[in-house]
């Protein structure tokens with residue numbers, strides 16, 4: 001069931017405290033204020049001074065100034081796009097593991113078993129260069145499982161998709177970050193039919209949540225600069241502002257801001273956290289450890305998820321208001337972070 005927006009709206013207001021201070025930080029100080037005067041028109045505590053909204057007295061914390069600004073985004077559709085439902089998901093098979101709850105791996109495996117797809121475009125770890133992404137397409141469930149886990153680098157998945165199509169596969173599961181998903185979506189919707197083979201192909205888009213991505217050379221330089229041999233790393237994860245690096249029996253962490261110099265340049269301009277153009281979106285934020293946050297966006301995506309749960313592949317629970325608000329809050333940060341490019345690069 002879709003979450004009622006009035007509850008989410010209340011939670012956002014309670015948690016984010018959309019005050020004048022927030023408006024000043026996100027909009028005024030970053031130089032993106034349009035000087036339209038909407039904030040001042042709806043709040044008597046704000047006056048326009050030399051074209052800039054200035055607080056006069058104490059802020060009443062009503063949130064109206066932030067909500068009315070044409071540069072802010074606070075609705076759930078604006079933050080995460082259209083969706084059908086939000087779930088907390090976990091694979092029910094101990095042999096199926098992933099970055100969080102193994103939801104992507106479990107669903108791809110289910111789709112292959114039920115012949116809903118005959119190939120999947122995934123990203124594996126390079127066998128010779130540890131943690132370097134190797135995009136490919138696979139046709140067997142064991143191959144899907146070997147591609148589980150997140151690699152925080154751009155992956156050239158589109159050539160792998162084209163290769164799968166050229167080899168005759170017509171029902172394909174495609175796993176990618178928002179930028180990859182957008183590329184597939186544009187190909188499918190292109191009125192010019194630049195990718196004619198796409199007419200014959202059914203593609204199920206599995207989108208991954210993504211806050212930032214790094215160049216492989218940059219990530220390797222950073223990790224090895226900390227005295228870590230990449231070949232000993234079992235898992236990497238980013239949460240709570242930290243990059244956590246897991247080994248066989250231990251873990252270390254570093255502030256994500258330490259990797260700013262290695263961030264892919266395109267990430268400064270991306271505002272899509274949740275892969276809005278996917279059929280199903282997957283991420284870690286909002287769900288407890290060991291579980292995956294899943295947003296279904298298309299009817300076929302929602303149907304497949306429910307059928308996988310009915311067939312015992314995954315556990316499926318509707319996401320609660322508090323947890324869903326965490327997704328919206330992080331999505332909001334990414335939506336407006338483009339305004340702070342200059343400060344992030346300093």
Residue 163 vs (1) assigned by TED's automatic domain parsing to the domain that holds residue 305; (2) crowded, with 18+ Cβ neighbours inside 10 Å: all pass except (2)
Subset of the stretch 10-26 that is surrounded by 14 or more Cβ atoms within 10 Å (Cβ to Cβ) and in a loop (DSSP other than H, G, I, E, B) - its residue that is modelled with the highest pLDDT
19
Any residue that is within 20 Å of residue 292 (Cα to Cα) and under 19 Å from the mean Cα position of the chain (by Cα) - is there at least one of those in the stretch 127-134?
no
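Do the conditions hold for residue 136, that is, is it surrounded by fewer than 21 Cβ atoms within 10 Å (Cβ to Cβ), touching a residue at least 12 places away in the same chain (Cβ under 8 Å), assigned by TED's automatic domain parsing to the domain that holds residue 310 and outside any loop (DSSP other than H, G, I, E, B)?
Values: surrounded by fewer than 21 Cβ atoms within 10 Å (Cβ to Cβ): yes; touching a residue at least 12 places away in the same chain (Cβ under 8 Å): yes; assigned by TED's automatic domain parsing to the domain that holds residue 310: yes; outside any loop (DSSP other than H, G, I, E, B): yes.
It is true that residue 136 is surrounded by fewer than 21 Cβ atoms within 10 Å (Cβ to Cβ), touching a residue at least 12 places away in the same chain (Cβ under 8 Å), assigned by TED's automatic domain parsing to the domain that holds residue 310 and outside any loop (DSSP other than H, G, I, E, B).
Let's see how each residue does on (1) crowded, with 17+ Cβ neighbours inside 10 Å; (2) within 30 Å of residue 299 (Cα to Cα); (3) in contact with a helix residue (DSSP H, G or I) (Cβ under 7 Å, 6 or more places away or on another chain):
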site	(1), (2), (3)
230	no, no, yes
237	yes, no, no
243	yes, no, yes
247	no, no, yes
252	no, no, no
257	no, no, no
268	no, no, yes
Return only the number of the condition from (1) at negative phi; (2) at pLDDT 95 or above that residue 275 does not satisfy.
(1)
Here are some conditions: (1) more than 22 Å from the chain's Cα centre (by Cα); (2) assigned to a helix (DSSP H, G or I). Residue 161 meets all but one. Which one does it not meet?
(1)
Just name the residue that is farthest from residue 322 (Cα to Cα) out of those in the stretch 27-40 that are at pLDDT 90 or above and exposed (fewer than 13 other Cβ atoms within 10 Å of the Cβ).
35
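Need at least 1 residues that are closer than 30 Å to residue 168 by Cβ and at pLDDT 90 or above per element, so show me which strands (runs of 3 or more DSSP E) inside the stretch 189-255 make the cut, counting only ones lying wholly within it. Let's see the steps before the verdict.
Values: elements: 202-208, 235-239, 242-246, 251-255.
Hits in the stretch 189-255: 202-208.
Residues are listed down the side, and each one gets a yes or a no for (1) in contact with a strand residue (DSSP E or B) (Cβ under 6 Å, 6 or more places away or on another chain); (2) in contact (Cβ under 8 Å) with a residue 24 or more places away in the chain; (3) more than 30 Å from residue 29 (Cβ to Cβ):
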| position | (1), (2), (3) |
| --- | --- |
| 66 | no, yes, no |
| 85 | yes, yes, yes |
| 112 | no, yes, yes |
| 117 | yes, yes, yes |
Across (1) closer than 30 Å to residue 233 by Cβ; (2) not assigned by TED's automatic domain parsing to the domain that holds residue 302, residue 19 clears everything bar (1)
Restricted to the stretch 41-83, and to residues that are surrounded by fewer than 13 Cβ atoms within 10 Å (Cβ to Cβ) and within 22 Å of residue 294 (Cα to Cα), which residue is modelled with the lowest pLDDT?
77
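The values are calculated or read from the model by the stated rules, or taken from the named source; none is laboratory data. All of these numbers come straight from a predicted model, not from anything done at the bench. All Cβ positions, glycine included, derive from the backbone under ideal geometry; neighbour counts span all protein chains shown.
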